[in-house]
Amino acid sequence: MSGGAAEPDAPARQRARDAVRAALAHAGLAASQPDAWTLDVAVSGEQRRGMPVRLHVDERTTTLRAFFMRAPDENEDALYALLLRRHLRSYLLRFALDADGDVLLLATLPNAAVTAEEVDRLLGQLVRTADETHATALRLGFATSIAREQAWRARIGAPPNPIT
């Protein structure tokens, strides 16, 4: 090897992609594939349903990126404090903000650590983290909108939205 940077490990990248595919197939998750190294799926839990997830296998790492919620309208400090405290109990996942202020869940693994079992564990943690956090995060970030909707539901005789 010359004095330059090490070459990416192509077999490790291929093994990581195969492991991601195997984990998704085992979980019964249908994936679309926008390119050779990216898989898009939707996962659902009890509380947070239809969460879009992108798994991308790069030269050295595999990244999971999931949309958690849109940018909050209010109470940002309390919401971000909740999400940061949630990191204390997280195994790889972390909350992050995109350029629009939307809240994401992210995880990065070295390709050498990517196995079907590890991807399954990561997806399970994603669903659990989203389920445990989503309703409280929505209540904090959209309290005024939720109150307005509940008042409207009461006026028309509709049942309350369960997010309250």
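The values are calculated or read from the model by the stated rules, or taken from the named source; none is laboratory data. Computed from a predicted model, the values in this text were never measured in an experiment. Every residue, glycine among them, receives a Cβ derived from its backbone with ideal geometry; neighbour counts consider all protein chains shown.
Scanning region 88-133 for residues that are without any contact (Cβ under 8 Å) to a residue 24 or more places away in the chain and over 13 Å from the mean Cα position of the chain (by Cα) yields Leu88, Arg89, Ala99, Ala113. Filtered by the rule that a residue be out of contact with any helix residue (DSSP H, G or I) (no Cβ under 7 Å at 6 or more places or on another chain) and within 19 Å of Val127 (Cα to Cα), region 84-102 gives Leu84, Arg85, His87, Leu88, Arg89, Ala96, Leu97, Asp102.
Considered as a group, the residues in region 8-24 that are hydrophobic (A, V, I, L, M, F, W, C) and either surrounded by 15 or more Cβ atoms within 10 Å (Cβ to Cβ) or modelled with pLDDT of 95 or more (or both) include one that is farthest from the chain's Cα centre (by Cα), and that residue is Ala12. Just so you know, in region 25-53 the residues that are within 13 Å of Val119 (Cβ to Cβ), within 14 Å of the chain's Cα centre (by Cα) and without any contact (Cβ under 8 Å) to a residue 60 or more places away in the chain include one that is surrounded by the most Cβ atoms within 10 Å (Cβ to Cβ), and it is Leu39.
Name the residue that is surrounded by the most Cβ atoms within 10 Å (Cβ to Cβ), counting only residues in region 54-77 that are of a type in the set (A, V, I, L, M) and farther than 16 Å from Ala31 by Cβ. Among those that are of a type in the set (A, V, I, L, M) and farther than 16 Å from Ala31 by Cβ, it is Met69.
Just give me the residues in region 61-112 being among the basic types (Lys, Arg) and farther than 26 Å from Ala143 by Cβ, in sequence order. Listed by number, the list holds a single entry, Arg65.
Against the definition (of a type outside the set (Asp, Glu), assigned to a helix (DSSP H, G or I), surrounded by 11 or more Cβ atoms within 10 Å (Cβ to Cβ) and out of contact with any Pro (no Cβ under 8 Å at 6 or more places or on another chain)), how does Leu140 come out, yes or no? The answer is no for Leu140. The number of residues in region 78-96 being surrounded by fewer than 17 Cβ atoms within 10 Å (Cβ to Cβ), at pLDDT 95 or above and within 16 Å of Thr63 (Cβ to Cβ) comes to 2. Restricting the search to strands (runs of 3 or more DSSP E) fully inside region 10-115 and requiring at least 3 residues that are within 30 Å of Ala147 (Cβ to Cβ) gives 61-69, 94-97, 103-110.
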